[in-house]
1. Quick one: is A:Ser73 of a type in the set (Ser, Thr, Tyr), under 12 Å from the mean Cα position of the chain (by Cα) and either more than 16 Å from DNA strand D (Cβ to nearest atom) or away from chain B (no Cβ under 14 Å) (or both)?
2. Filter region B:38-69 down to residues that are within 8 Å of DNA strand C (Cβ to nearest atom) and among the β-branched types (Val, Ile, Thr) and give me whichever is surrounded by the fewest Cβ atoms within 10 Å (Cβ to Cβ).
3. Output yes when any residue across region B:31-47 is more than 13 Å from DNA strand D (Cβ to nearest atom) and away from chain A (no Cβ under 14 Å), and no when none is.
4. Here's a check for you: in region A:27-37, which residue that is in contact with a helix residue (DSSP H, G or I) (Cβ under 6 Å, 6 or more places away or on another chain) and in a helix (DSSP H, G or I) is farthest from DNA strand C (Cβ to nearest atom)?
5. Can you name the residue in region B:105-147 that is modelled with pLDDT of 85 or more and not in a helix (DSSP H, G or I) and, of all such residues, is surrounded by the most Cβ atoms within 10 Å (Cβ to Cβ)?
6. Against the condition under 22 Å from the mean Cα position of the chain (by Cα) and over 22 Å from B:Ala110 (Cβ atoms), how does A:Arg91 come out, does it pass?
7. Being touching a helix residue (DSSP H, G or I) at 6+ places or on another chain (Cβ under 8 Å), more than 15 Å from B:Ala89 (Cβ to Cβ) and more than 13 Å from every other protein chain (Cβ to nearest Cβ) is the filter here; which residues of region B:144-182 pass it?
8. Count, please, the residues in region A:8-22 that happen to be of a type outside the set (Gly, Ala, Ser) and at pLDDT below 90.
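The values are calculated or read from the model by the stated rules, or taken from the named source; none is laboratory data. Treat the numbers as computed from the prediction; the structure is a model and nothing was measured. Here Cβ is always computed from backbone atoms with ideal geometry, including for glycine, and neighbour counts include all displayed protein chains.
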2 protein chains.
Amino acid sequence: MPRTTRPGGRTARTKAAVFEAAAALVAERGPEAVAMTDIARRAGVAATSLYRRWGDVRALLLEVAVEKLVADSPLPDTGSLRSDLRVWARRVAAGLRAPGGSPFFRIMLANAPTPGDGDIGRATAFGPRLQQIATMLDRAAARGETVPPLMDVIDHLLAPIYMRTLFGAPIGAAFAHDLADRLCGPARGDSQI
Amino acid sequence: MPRTTRPGGRTARTKAAVFEAAAALVAERGPEAVAMTDIARRAGVAATSLYRRWGDVRALLLEVAVEKLVADSPLPDTGSLRSDLRVWARRVAAGLRAPGGSPFFRIMLANAPTPGDGDIGRATAFGPRLQQIATMLDRAAARGETVPPLMDVIDHLLAPIYMRTLFGAPIGAAFAHDLADRLCGPARGDSQI
DNA sequence: CTACAAACGCAAATAAATTTGCATTAAGGA
DNA sequence: TCCTTAATGCAAATTTATTTGCGTTTGTAG
């Protein structure tokens, strides 16, 4: 009878080798310059296996990218939303700046929304980030702070960071600082609608 | 509409045919499913010519994407920066929502910076947009308005729009309104230290 | 321990993309 | 008009990616 999963065996080992090879190649040459053949050779597995398992390079790279970016970074819990956002912003930026970070990010973007694809890839990709933001906002609200809407954080904290990543523009402490301040109000009480 | 002037000689004509074919194919199948061969066949030109002129598919598609995305958003000149930004924001969003808009956007993202590429691809891709922003800001400054830094417009107007496009989140008038207000100051200044 | 089926490797076959060499055509200037 | 040059077309050659067929390995269930 057909088994659906085979955890922890040869399959898992080759998958690990393949992912490692793919990640290395992407970091070295960029996403567009790696072929199925290259990954296979580097990983020490037959290209045939890769084709059978993933179909084509994009599918494989997308899986790798999702895994890389979804890797959980610990959430800051400093006691104030403003400070949490500052720290978190810098961590996200650091993750994107890490070796291969930006290329993987681009892989995800390039494979995102095609009308008809369903939103699986996109949701898988951004879901964890949104969840993290929601958690920070919830904590702050529980403390009695007035918190900005989730969408505002996406628009004015996450979006600028992603944008600058694509531009290659620097993301320093001052910038993260400024982003958080815009959301929490510059000095103290802020009165949004 | 059929009365499109196509100045220039043979070169300009074939370029037009190629761009038209490429755009159509991208809109039909998505960026990843079009090959040099396909474009050549559809345009009625030899694939050899395409390779000689553009080198590879990505370069060609990137050029097409840039042209499409820039063409879709003519610059408003309403007399006030706030209003210009509002209109422009909606036009950019509309262009991204248009048939084929999102695929072309993804082409640009996928061709963004790769360490070693130099910044050619990136500059080519986003350059026109930045130029448009700079123009609006210059006009406003010439009128005597106080204008936000270019980078702020990128971070808090362009970035949210792109982000929402990737999410599939709606971009309405109210949203564009809000983005412009954040940059120009709504009623009370938001850009204090 | 044995049997089974999925996953794998290998080599050949196929298909597709990309390059190359050369003849031809068209545009712009003298 | 004629001449020069760059762009194009075409076919063959070459490389590279992808598929296919078949035997082998390796977990896992029984």
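1. Against the criterion (of a type in the set (Ser, Thr, Tyr), under 12 Å from the mean Cα position of the chain (by Cα) and either more than 16 Å from DNA strand D (Cβ to nearest atom) or away from chain B (no Cβ under 14 Å) (or both)), A:Ser73 qualifies.
2. B:Thr48
3. Yes, region B:31-47 has at least one match.
4. Across region A:27-37, the extreme among qualifying residues is A:Pro31.
5. Within region B:105-147, the match that is surrounded by the most Cβ atoms within 10 Å (Cβ to Cβ) is B:Val147.
6. Yes: the conditions hold for A:Arg91.
7. Within region B:144-182, B:Glu145, B:Val147 qualify.
8. Residues meeting the conditions: 2.
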